[in-house]
Amino acid sequence: MIATLFVAIASLGIGPVSLGLGRLGHALISTDDQVARAILFELRMPRTLLGLLVGAMLGLAGAVLQGYLRNPLAEPSVLGASNASALGAVIALYFGISEWHPAMLPLLAIAMGLLALILLFALAGRSESPLSLILAGIAVSTLAGAGISLALNLSPNPFAAMEIMSWLLGSIENRAMEHVWIALPCVLAGSALLLANPTALDALSLGEDGARSLGVDLARTRLRLMLGIAIGVGGAVAVSGAIGFVGLIVPHLIRPLTDRSPSALLLPSMLGGAVLLTGADILVRVIPTGAELKLGVVTAFLGVPVFLFHLLRERRLW
């Protein structure tokens, strides 16, 4: 909680124009410094709130999926949910559907995320093997990626292709409070569904038969989690673009600090995701480059070492 507050304040203060604590506090309570108020309320505040919301949602989604699937490599992008939500947003951008109403883009992102999870479980069938779910996730993710590539290939002009490509790299730069109002209800609804009955995740660590013997309704639990992932991640992806690996990294960083039960990871992973994504957003502002780095690029570089760590550990068992 303290780390979340720290990165939030740092995110409000750090940028091309630095705002110290005194100037931030003055801008919050006074209208004297119009420049500081414009920077704070029109640029930094929406960006900070979105970093916290999107990071919290991705961290929670990763913790839930790793507990539910009993797979340490599960997270929304690995299972194709993020890519499918991105495809829904690309469809909204490509066909101009996003101009009909501001809610159309998140709605399409949510619908495609839900469709991806339904397809994932349909492909995996009744198999309890983590490998089956990972392979099904790769298939879903590849299919969504092919759809995105098709949209880029058939883009009517280079400017539209650049807009889609820039959005796919993931960023919360130049976002306004309207984006916060789009993401907030989706993240709240998704989080409420994922946080309901966390003991079911603990029971599932004993296997589906063990959970069923403890009175867990597996069908209802699966439906609730699917809806939570689709609504929450879809709403987050709709305003930030495709940002991967947050849901993979955070539970692994948090797990040693808990009793390692799935339910104990949920709230800490929310806070950890918010800290990680907001911290990565601060990083893209301070790294000296000609053009500001995209957030998805930074999180991808952070996620690769985690994959390599698990790869090397598994190789010892082969």
### Task
Could you work out how far apart the two model spin labels at Leu195 and Leu21 are, taking each label as a point 7 Å from the Cα in the direction of the beta carbon, and quote it in nm?
2.8 nm
## Note on the structure
For Leu184 and Arg220, extending 7 Å from Cα along the Cα-Cβ vector and measuring point to point gives, in nm, a value of 3.2 nm
#### Entry: Computed magnitude of the charge dipole of the chain (debye, nearest 20; Cβ of K, R +1, Cβ of D, E -1)
540 debye
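Using a probe radius of 1.4 Å on heavy atoms only, what accessible surface per residue do you get for the chain? Whole Å² is fine. Walk me through the numbers on the way to the answer.
Numbers: 15030 Å² over 318 residues.
Here the residues of the chain average 47 Å² of exposed surface.
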### Query
Which percent of the accessible heavy-atom area of segment 1-135 goes to carbon and sulfur, probe 1.4 angstrom?
72 percent
## Note on the structure
Taking r as the C-beta separation of His101 and Thr258 and R0 as 41 Å, the FRET efficiency to the nearest 0.05 is 0.45
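What ranking, highest mean first, results for peptides 166-176, 142-152, 51-61 when packing means the other Cβ atoms within 10 Å averaged over each residue?
Values: 166-176: 18.5, 142-152: 16.4, 51-61: 30.8.
The densest-packed peptide leads the list: 51-61, 166-176, 142-152.
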### Task
Amide H neighbours of Ser77 under 5 Å, at least 5 residues apart or on other chains, H built in the peptide plane: list them.
Ser82, Phe245
#### Entry: Spin-label zone in segment 96-121 - amide nitrogen under 14 Å from a point set 7 Å from the Cα of Asn157 along the C-beta vector
96
### Message
I'd like the distance between the alpha-carbon centres of segment 159-225 and segment 86-109, rounded to an integer number of Å.
### Response
19 Å
### Task
Sort His179, His101 from largest to smallest accessible area, using a 1.4 Å probe on the heavy atoms of the protein chains.
His101, His179
### Query
What whole number of Å gives the distance from the Cα centroid of segment 8-37 to the Cα centroid of segment 277-293?
19 Å
### Query
Taking the Cα atoms only, what angle lies between the long axis of helix 218-240 and the longest principal axis of the chain, rounded to 10 degrees?
20 degrees
### Message
Which residue fluctuates most in the GNM of the chain (Cα springs below 10 Å): Ala192, Ala136, Ala291?
### Response
Ala291
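Give the ranking of Trp181, Trp100 by solvent-accessible surface, highest area first, calculated with a 1.4 Å probe. If you can, show how the numbers build up before the last one.
Numbers: Trp181 160, Trp100 180 Å².
Of Trp181, Trp100, the descending order of accessible area is Trp100, Trp181.
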### Query
Can you put Leu271, Leu214 in order of accessible area, largest first, using a 1.4 Å probe?
Leu214, Leu271
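Once every DSSP H run of n ≥ 4 in the chain is given -39500 (n - 2.57) and the sum is divided by its residues, what mean residue ellipticity at 222 nm do you get, rounded to the nearest 500 deg cm²/dmol? Write down the numbers at each step before the final one.
Working: 15 runs with 230 residues, N = 318.
Helix contribution divided over all residues of the chain: -24000 deg cm²/dmol.
Taking 0.36 nm per intervening residue step and subtracting the Cα-Cα distance, what contour gain separates Ile287 from Phe301 on full extension? Spell out each step's value before the answer.
Details: separation 14, 0.36 × 14 = 5.04 nm, distance 1.42 nm.
My answer for the length gained is 3.6 nm.
The values are calculated or read from the model by the stated rules, or taken from the named source; none is laboratory data. Just so it is clear, the model here is predicted, and its values are computed rather than measured. A quick note on method: Cβ atoms are made from the backbone with ideal geometry, for glycine too, and the neighbour counts reach across all protein chains shown. The protein model used for the area step is the full one, side chains on, heavy atoms only, and it has no ligands, DNA or RNA in it. Shrake-Rupley method; radii C 1.70, N 1.55, O 1.52, S 1.80 Å.
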